[in-house]
1. Of the numbered conditions (1) in contact with a helix residue (DSSP H, G or I) (Cβ under 6 Å, 6 or more places away or on another chain); (2) open to solvent by 40 Å² or more (accessible area, probe 1.4 Å); (3) among the aromatic types (F, W, Y), Y126 satisfies every one except a single condition; which is it?
2. Any chance you could count how many residues in segment 280-303 are in contact (Cβ under 8 Å) with a residue 40 or more places away in the chain and surrounded by 14 or more Cβ atoms within 10 Å (Cβ to Cβ)?
3. Condition first: of a type in the set (S, T, Y) and in a helix (DSSP H, G or I). Now tell me which residues in segment 132-181 satisfy that.
4. Do you know which residues across segment 440-465 are assigned to a helix (DSSP H, G or I), open to solvent by less than 10 Å² (accessible area, probe 1.4 Å) and closer than 16 Å to L496 by Cβ?
5. So which residues in segment 351-400 are open to solvent by less than 20 Å² (accessible area, probe 1.4 Å) and among the β-branched types (V, I, T), if there are any at all?
6. Looking at segment 143-160 only, could you name the residues that are more than 27 Å from the chain's Cα centre (by Cα) and open to solvent by less than 40 Å² (accessible area, probe 1.4 Å)?
7. Cβ-Cβ under 7 Å, sequence separation 6+ or interchain: first residue in segment 411-439 and open to solvent by less than 20 Å² (accessible area, probe 1.4 Å), partner not in a helix (DSSP H, G or I). Which pairs?
8. Quick check on this structure: which one of I178, I251 is open to solvent by 10 Å² or more (accessible area, probe 1.4 Å), farther than 24 Å from T145 by Cβ and either over 17 Å from the mean Cα position of the chain (by Cα) or not aliphatic (A, V, I, L, M) (or both)?
Amino acid sequence: DNKYKFFLLYQDTWKAGNKFNGDSKSHLICVAENICKKFDHFDEYAHIASLDNGASEALFSKLEIELYSGRVSDIYVELLVSALEMVHRCPGTFINVAVKSAGSERVLQLPCKLIEKYVHFPNPQYHAHAPTIISIVIKLFLHFTKSSSIQLKMAADKNIILSMVCVIKSDMEDWVKIEAINLLAELSYSKDSKDSNSVVIHTEGLIDALVECANSYNADIKEGIARTFLNLGTGIENRKFLACKDGTISILLSFLGEENSKNTRNYAIGALGNICACEENKVRLVNYEDGDLVKKLLFLISSERNKRFHKDAVGVLANLSNADIAPSLCNQPTFLKSLISQATESVNEEAQKNAMKVLRRLSSFVDASKLGHGLLLKALLTTLKGGKSNVKYAVSILKDQASKSINRDSLVNFPGLLDYLGLISLEFQDVKSTAIKVLLYLSYLDNETTFIANENVLNALVTAAGLTTKKNSVSRYAAMKTIKRLAIKEENRKALAKNDTLLTSLKWASGKETKIVALADTLTELLTATSDGTVVALLDIIDNDKSKKVSDGDLVALAQATLLIISGKS
């Protein structure tokens, strides 16, 4: 086959070269040049055919012989590695077969020896062939990573990682270092988060080399380093190690600036997200450089225009929150002020929503016994006043807070909170039901008591109790249940007894001809009970199953019981 005559020529020339002591190397260089010309294309099928005919094995054999010969020709080595790089421009499946046929040990270690040889030349950047040879060898390694099995072997090979570290730390030109960093990024990625790629991350000098190289002005180097840190963070066991290494967080924070490329910023925020997801890192990161990380994230949330990047920044901030960290964050007035400002003043509704997500996560860890609870409530109240788009989220957070008995006294006694809940219930129909549920929770205070309701709260409850449509049956029932609970306090009972609208509504409901509907959850028994836990369980059922309806019979029973309590006959 004429297509592969150059292989025969290659072999014949090599044999002929052994007979000459003079210009035999020039014959080999000439053959290698011809082979490079044959391979210098991107036709995958042609490369696959070449590999099938033993190109990889033949070329690696010649390279090995040359490397260990007494007189190495740099030109010849460059041509051989060029031919190897070219012929491996094919899919991973065929690379896997070629590597096995040539011997995986030889294929992986021989390039490392080449790098070691050429990177340690005095002033290697000025060597006529060293930078090119090293760059081509790394490109060959990058081709190998297209095979997942070969990539795993490479990631577990300390010699390969050390070779890349040597390149990064050397005086090589940036374009050579970029190739090494890109290879490290590929080898650092772990598809299985439990597989930590520990050989890569624990290779001596790796992190220090990346941090030092990150000070480069080259945008591609910064992007490659950010990607490497992102991929290293995919291994769960790596995250604690990254947070503890000097300079890592500082470099990632510096990559978030707008002067960096879009990819660099996205990789950096993703890497920080991975590191922050580790529970053991949270305290360290929140306190890093006197809160520098948190300040930077808040600034990004308030100023970032890129939606994806903004969302990732919010995610990192939310990741930092846990039972230990959230109280201290909430105890920082500037932190909550910035977050509230973002939730209430931003013209970007998506940004507002993301800020509310952070508030919600914080609130899940902060109760009345924790530092910062008062400032959190202030933040939620301010958010309630901030506009329609935030009301739904703020009321939902308050419902979560009110569902915990430890929080109820604080919520009831927080100035203005009950007032606004009442007003919001009247003003925004889409949150009426949730707001009424908050009031129902709050009516069950400790020591079998309840709060004294003001005019706004009573108006909200009376209005909800007078709803007649079937879709509002749960809101109506919750309102009646709250009224019934509030009526155990004499001050509330007197106010309720004077409310003609309420009395009319209750009398109408109690006298209504009922339609018997059997409910699996026996809502009448549950809602007429006074057990705090029972009410919580019921509301959870209603929230999680939107198909649950309150029957007319339930409403009648509760209306009659409420009338009796208000009238003082119960």
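1. The one condition Y126 does not meet is (1).
2. Residues in segment 280-303 being in contact (Cβ under 8 Å) with a residue 40 or more places away in the chain and surrounded by 14 or more Cβ atoms within 10 Å (Cβ to Cβ): 14 in total.
3. Answer for segment 132-181, where residues must be of a type in the set (S, T, Y) and in a helix (DSSP H, G or I): T132, S135, S148, S149, S163.
4. Once the filter is applied, which keeps residues that are assigned to a helix (DSSP H, G or I), open to solvent by less than 10 Å² (accessible area, probe 1.4 Å) and closer than 16 Å to L496 by Cβ, segment 440-465 yields L440, V457, A460, L461, A464, A465.
5. Within segment 351-400, V358, V366, T383, V391, V395, I397 meet the criteria.
6. Listed by number, the residues that qualify are H143, F144, S147, I150, M154, D157, I160.
7. L418/N454
8. Being open to solvent by 10 Å² or more (accessible area, probe 1.4 Å), farther than 24 Å from T145 by Cβ and either over 17 Å from the mean Cα position of the chain (by Cα) or not aliphatic (A, V, I, L, M) (or both) holds for just one of I178, I251, which is I251.
The values are calculated or read from the model by the stated rules, or taken from the named source; none is laboratory data. None of the values given here were measured: they were computed from a predicted structure. Heads up, the Cβs are rebuilt from the backbone with ideal geometry, glycines too, and the neighbour counts pull from every protein chain shown. Ligands, DNA and RNA are excluded from the accessible area calculation, which covers all protein heavy atoms including side chains. Shrake-Rupley method; radii C 1.70, N 1.55, O 1.52, S 1.80 Å.
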